[in-house]
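One structure is given below, encoded as structure tokens.
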Amino acid sequence: MLEHDVLVVGAGLAGMRAALAATEMGANTGIISKVYPVRSHSNAAQGGINAALVDRGDAWEEHAYDTVKGSDYLGDQDSIELMCQVAGEELISLEHMGVIFNRDDEGRLGTRAFGGQRRARTFFVADFTGQAILHVLYEQLLKSEITSYEEWFVTSLVMQEGKCCGVLAMEIRTGRVYLIKAKTVILCTGGLGRVFEPSTNALIVTGDGIALAYRAGVPLMDMEMVQYHPTTLKGSGVLITEGARGEGAYLLNKDGERFMERYAPSMMELASRDVVSRSETIEIAEGNGINGSVLLDCRHLGEQLIKEKLSQIYDIGLDLLGIDITQEPIPVQPGMHYQMGGIKTDVDGLTSVPGIYAAGECACVSVHGGNRLGANSLLDTVVFGHRAGNHAAEVSKGTTQEPLDVEELVGQEEKRLAEILSRDANGDRVARIRLDMGTAMNAHLGVYRDQNGMKEALDTIQQLKERYTTVPVEDKGRTFNTDMVFDLELGLMLDCAEAIAVSALERKESRGAHSRTDFPERNDADWLKHILVTSTPEGPKISYSPVVITQWTPEERKY
Ligand SMILES: Cc1cc2nc3c(=O)[nH]c(=O)nc-3n(C[C@H](O)[C@H](O)[C@H](O)COP(=O)(O)OP(=O)(O)OC[C@H]3O[C@@H](n4cnc5c(N)ncnc54)[C@H](O)[C@@H]3O)c2cc1C
């Protein structure tokens, strides 16, 4: 019998932080990941993690204000305050666990500037910060009592009388289905980047936990808020970290003009991401781009700085474009990067459904609102992962495990998967549906949106959902059946895509990353509220919840 007090789904930064917190509280803790843990997308985070340290003359209130403004006033200010207050503590505790952050010339922890912030408060390890932190947390995990299920795929949440009592999961190596009982389940499954094509996100970032929670009746919040990062490579969508602009790189148009001067005269290239992505899109549309791109120029930073602090993007330039970025500018364009919305939780990761918690990118606390500031996501994962782990462990102490009919539940899930495996070839393919979905989402739910385009995307998604019900899986075996995994992921992604399109159609204004050409202005009177979407047998249902304002009254946003 596989059984835990706390079961964490996902072993990225949020999941590992949550599991470590739960085990420290004495809970019998399990963690499950569909990939080997250090392959989680957190590994790809380049630029850094934000914290306002008092001994630098910084203050959490300033960090909080920048975050609130960055969110276009849609972030909940009480949650943002909390995150910014504990950021320093979390950062130092990562350092004490063994993360070797870059240091400045005086030997203190070094910082770099990041977008939308008036101070340099981003702590970093060259341009592989996520990898450095993830590996250190994994070392802590290996040393702990936590049971780690590696390369297991969660297919469903087990619900009994409105409460979550565990998960059903497929061990990918054997294809066998198991029930893992748990008093509380913390979803830390990351974002949904690959619902869009292209995206900066790894191929495994498919919104699984968001869709699993949605299917279990948990409302999703702010789903219309999808971040397009200003500097991704054309075609592949590979990310060039904001750290490059943080170190001083320029954005240029075809005439060699630093065009951000016209859009954000004070913050220039370091305005918030939504602002920079819109500016680039306008430049390209007005014929000031070069083959659909603008240029990111790092040349003046010098070879030594580039090779020391931006070594990964130096390699990306050489390997993917065949260019030496110390000598040539990099062609870049806005590309899908991050989902601000997700599973609605409170600051302890609790959702409205007993037994289900969420933290990290799959959750919406909401600290990012309409637009996330760079380097606030890693902070979000550790702060709220930590809190969710603590809270779930505490709640599990007072909870008794519900009796479950394990054989019956496993049998039903085996049958569902067997039906998928037994489908005959019909000319359709999982990869085709996935690409059609991603292309439609990128075309109509990207940097600029309008009613007709979004409606077209929603129609496409609904047709693809139909096709999905009969799409065959080509590999009929059980051992390491990645075709089967791709099929299951696609079903979950389509639910996420629909939730995004429905929420975006609902918001009839422009705010943060949601820019509508048919409603170009922000409209606080009608839309200073969160949009929630809940799954019902009749389809997605919309509701609203208020935005928490503590000390910053919404103002016009200028950079
Ligand atoms: C290229 C890139 C660079 C970035 N750079 C930065 C940066 O510099 N600073 C910053 O703050 N943010 C950055 N971000 C954003 C940030 O990295 C992510 O938001 C964050 O790491 C997400 O962490 P997570 O723990 O929520 O999820 P992830 O790290 O994505 O982990 C998800 C986990 O869930 C597991 N999982 C998912 N579905 C299932 C399932 N069905 N069954 C079992 N397991 C499952 C996966 O195996 C994985 O272990 C970047 C993102 C990208 C893509």
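The values are calculated or read from the model by the stated rules, or taken from the named source; none is laboratory data. Bear in mind that the values here come from a model prediction, so they are computed numbers and not experimental data. With ideal geometry, Cβ positions are generated from the backbone for all residues, glycine too; neighbour counts draw on all protein chains shown. Ligands, DNA and RNA are stripped out before the accessible areas are found, and what is left, the full protein with its side chains, is counted by its heavy atoms. Shrake-Rupley method; radii C 1.70, N 1.55, O 1.52, S 1.80 Å.
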Per the list (1) touching a Leu at 6+ places or on another chain (Cβ under 6 Å); (2) more than 15 Å from the ligand (Cβ to nearest atom), residue check on residue 73 breaks on (1)
So, first residue open to solvent by 90 Å² or more (accessible area, probe 1.4 Å) in region 252-270, second residue β-branched (Val, Ile, Thr), Cβ within less than 6 Å, six or more apart or across chains; the pairs are 254/290
Is it fair to say residue 80 is part of a strand (DSSP E or B) and of a type outside the set (Asp, Glu)?
no
Could you go through region 262-271 and let me know if any residue there is in a strand (DSSP E or B), in contact with a Phe, Trp or Tyr (Cβ under 9 Å, 6 or more places away or on another chain) and more than 17 Å from residue 376 (Cα to Cα).
no
Return a yes/no flag: does region 203-224 have any residue that is open to solvent by 20 Å² or more (accessible area, probe 1.4 Å), assigned to a loop (DSSP other than H, G, I, E, B) and within 12 Å of the ligand (Cβ to nearest atom).
yes
Among residues of region 50-69 being out of contact with any Cys (no Cβ under 6 Å at 6 or more places or on another chain), of a type outside the set (A, V, I, L, M, F, W, C) and within 16 Å of the ligand (Cβ to nearest atom), the residue nearest to residue 87 (Cα to Cα) is 50
What number goes with the only condition from (1) within 14 Å of the ligand (Cβ to nearest atom); (2) crowded, with 24+ Cβ neighbours inside 10 Å; (3) hydroxyl-bearing (Ser, Thr, Tyr) that residue 149 does not pass?
(2)
For residue 69, the lone unmet condition from (1) of a type in the set (Lys, Arg); (2) open to solvent by 40 Å² or more (accessible area, probe 1.4 Å); (3) at pLDDT 95 or above is (2)
State the number of residues belonging to region 458-500 that are at pLDDT below 95 and either in a helix (DSSP H, G or I) or polar (S, T, N, Q) (or both).
0
In region 18-49, which residue that is crowded, with 24+ Cβ neighbours inside 10 Å, hydroxyl-bearing (Ser, Thr, Tyr) and not in a helix (DSSP H, G or I) is farthest from the ligand (Cβ to nearest atom)?
29
Scan of region 97-135 for residues that are surrounded by fewer than 17 Cβ atoms within 10 Å (Cβ to Cβ) and under 19 Å from residue 38 (Cβ atoms), ordered by number
97, 98, 100, 135
Can you name the condition, by its number, that residue 142 falls short on among (1) without any contact (Cβ under 8 Å) to a residue 60 or more places away in the chain; (2) within 18 Å of the chain's Cα centre (by Cα)?
(2)
